[in-house]
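Scroll down for the structure; my scribbles are underneath it.
The values are calculated or read from the model by the stated rules, or taken from the named source; none is laboratory data. Computed from a predicted structure; not experimentally measured. Virtual Cβ from ideal backbone geometry, glycine too; neighbours counted across all protein chains shown.
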Amino acid sequence: PAGAGTGEAAGAPPVEKRADAELRSLRTRLIAAIVLSVPVILLAMIPALQFTYWQWASLALAAPVVTWAAWPFHRAALVNLRHGAATMDTLVSLGVTAAFLWSLYALFLGTAGTPGMVHGFEFTVAPSDGASNLYLEVAAGVTMFVLLGRYLEKRSKRAAGAALRALIELGAKDVAVLRDGVESRIPVEQLAVGDAFVVRPGEKIATDGVVVEGRSAVDASLVTGESVPVEVETGDAVIGATVNAGGRLVVRATRVGADTQLAQMARLVEDAQAGKAEVQRLADRVAAVFVPIVILIAIATLGMWLGGGFPAAAAFTAAVAVLIIACPCALGLATPTALLVGTGRGAQLGVLIKGPEVLESTRRVDTIVLDKTGTVTSGRMSLAGVHAADGVDEVDLLRLAGALEHASEHPVAKAIADGAAARVGSLPTPESFENRPGLGVHGVVDGHLVLVGRPALLVEWGIGPDPQVEASVAAAEAEGRTVVVVAWDGRVRGALSVAD
């Protein structure tokens, strides 16, 4: 991510476009490989399908697969060769190339190109007929299956990051910047460190910063997963893409673009997409030693067959067979398939798996730590308890508090309003309403001056505490609940607790 503001950093368009282009390219190569390889394999395996010039038709079909469709493997092998290294791609390229080159030799210089030649389905090769054997189906088939594995692996990584990318793309697109006391809206990409910007209730915070004016509650569930809004005031840090759930804030930008916390989440997705499972990394490490060993074994096989008096064609067939057998088709297809099934099933259950190495490491897990909110809870606040003072009817407590909270956008207020409506039915409309960011709300309902919020709000109005209600508040908070105190007409009337 390189944009100046959270919007571009969050969505990381260049990275997304590049990954999408790679996936489309793999899909195109895979489809072409399947369409062209299946006839080649069928012709080689079923003699009844072999017509007069079937072997030349197989060559025409297999050539694009081995050259164009398999190019990602050949390109990776060449890059590794220039650096004196070898990976699984090297083995794939070596096996496919050896099978194809031998088939060309057998067709043009051997007897395999003879019209009407029949290629039987055999498990062994007679020592005298090496120049009549084709491996076009091997070259095309290996390419097709390894491409399938590579495509499944790439798609599973993209799917694993889709949920997080969807959240990241919800970042603010524009911002009301404050310059010389005048507000003007600009694209978030133009926001610079040190700029002051305004965040109204319900708006998303454009980028990471520090509150310089105002007091409010911020819904940071996108980043923290915690459904209870965080109270912020002057001097507190806020995170880009979180939602202002309370009053007006003025924030000074401290980090923009690639430096924001949201951009770091985007990089986490990129790292997950680029990760390899441990077995894949092991295969690459083994390949570094295995490739030269395979080549030496192939040369030794060639020498032993020639030394044993067998024809050169049969000796080369045996050497080529060694190179083909060394091609790691099982790892190329089985590992990505297992990763696809694992990450896909995790996504169905709402589990976001960071990368293949994480999925593979679960076999060694003996302790699990769960984020409570949204994992073992619903992720939504709801009314959990009603604590009425002596002589106060719970219905009156819910009715008056619920009516006032219904006018607020705060998640805790919404939970109280919904819970009150569910228990007592329709709620009256407040005659007046005022929100006090970070403290609560007050207004007139049915002729009563009602206050709902923190104890500090009641202190401002000169309302003293009620010992019984205070005890209920302490007990509810000990259980991890969020509690608000309700008062009207100058007296504490009770408390309401909400929980996820």
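Does ALA300 satisfy being buried (at least 20 other Cβ atoms within 10 Å of the Cβ) and either in contact with a strand residue (DSSP E or B) (Cβ under 6 Å, 6 or more places away or on another chain) or at pLDDT 80 or above (or both)?
no
Please determine, by comparing only the residues of region 26-62 that are surrounded by 15 or more Cβ atoms within 10 Å (Cβ to Cβ) and among the β-branched types (Val, Ile, Thr), which one is nearest to LEU147 (Cα to Cα).
In this case the residue turns out to be ILE34.
Could we say that ALA86 is under 32 Å from the mean Cα position of the chain (by Cα) and not in a helix (DSSP H, G or I) here?
yes
Mind telling me which of the residues ALA421, ALA456 ends up being over 30 Å from VAL211 (Cα atoms) and aliphatic (A, V, I, L, M)?
On inspection, the qualifying residue turns out to be ALA421.
Which ones in region 471-500 are over 11 Å from VAL386 (Cβ atoms) and not in a strand (DSSP E or B)?
Result: ALA471, VAL473, ALA474, ALA475, GLU477, ALA478, GLU479, GLY480, ARG481, ASP489, GLY490, ASP500.
Taking ALA420 as meeting all but one of (1) of a type in the set (A, V, I, L, M); (2) in contact (Cβ under 8 Å) with a residue 40 or more places away in the chain; (3) surrounded by 20 or more Cβ atoms within 10 Å (Cβ to Cβ), write down the number of the exception.
(2)
Among the candidates ALA62, ALA76, ALA69, single out the residue that is hydrophobic (A, V, I, L, M, F, W, C) and under 21 Å from SER132 (Cα atoms).
ALA62
Of everything in region 452-481, what is surrounded by 20 or more Cβ atoms within 10 Å (Cβ to Cβ) and in contact (Cβ under 8 Å) with a residue 60 or more places away in the chain? Give them in sequence order.
ASP466, VAL469, SER472, VAL473, ALA476
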